[in-house]
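Right, one structure below, let's go through it.
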Amino acid sequence: MTQSAIDWDVAPTSDPAVDAGTAMATVLPRAKTIPTRRVGVVKSYTPRKTFGLVAATAQPCDAIFNIEDVAPDDRARLDCGQTVTFEMIAGPDGPSARQIRIDGTTLPPPPDDAMISKGWR
């Protein structure tokens, strides 16, 4: 079974004066939220426990994660203070992190004014 890009939701009938036998329910499309990869730092994690916190660099709140959300190759190497990439999902208890991977890449520093004046792109 394939997933649709649209999550269909049935709208409630808004006019109670209309006879229920003649009114048809309106079906409205609702776009699914696409999770985006974020960069963050492992704020707290203890291997003895099965959960931890990731502090997202672009958001003020922390996301909780379970060890099962970490990539299998990275579970033994995960430690506090490491830079990770993850998908943030809004859950019933607040934001949670899914598909956590240790960030093995480092971005180059931003160009300085001299490089920009020489035509750096």
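The values are calculated or read from the model by the stated rules, or taken from the named source; none is laboratory data. Note that this is a predicted model, so its numbers are computed, not measured. Neighbour counts are summed over all protein chains in view; Cβ atoms, including those assigned to glycine, are modelled from backbone coordinates with ideal geometry.
Residues in region 30-72 that are at pLDDT below 75, closer than 16 Å to residue 85 by Cβ and of a type in the set (Ser, Thr, Tyr): how many? So the answer is 1. Of the listed requirements (1) modelled with pLDDT under 90; (2) in a strand (DSSP E or B); (3) within 14 Å of the chain's Cα centre (by Cα); (4) not basic (Lys, Arg), residue 27 misses just one: (3).
Just to be sure, is residue 77 more than 20 Å from the chain's Cα centre (by Cα) and modelled with pLDDT of 85 or more?
When the stated conditions are applied, residue 77 passes them.
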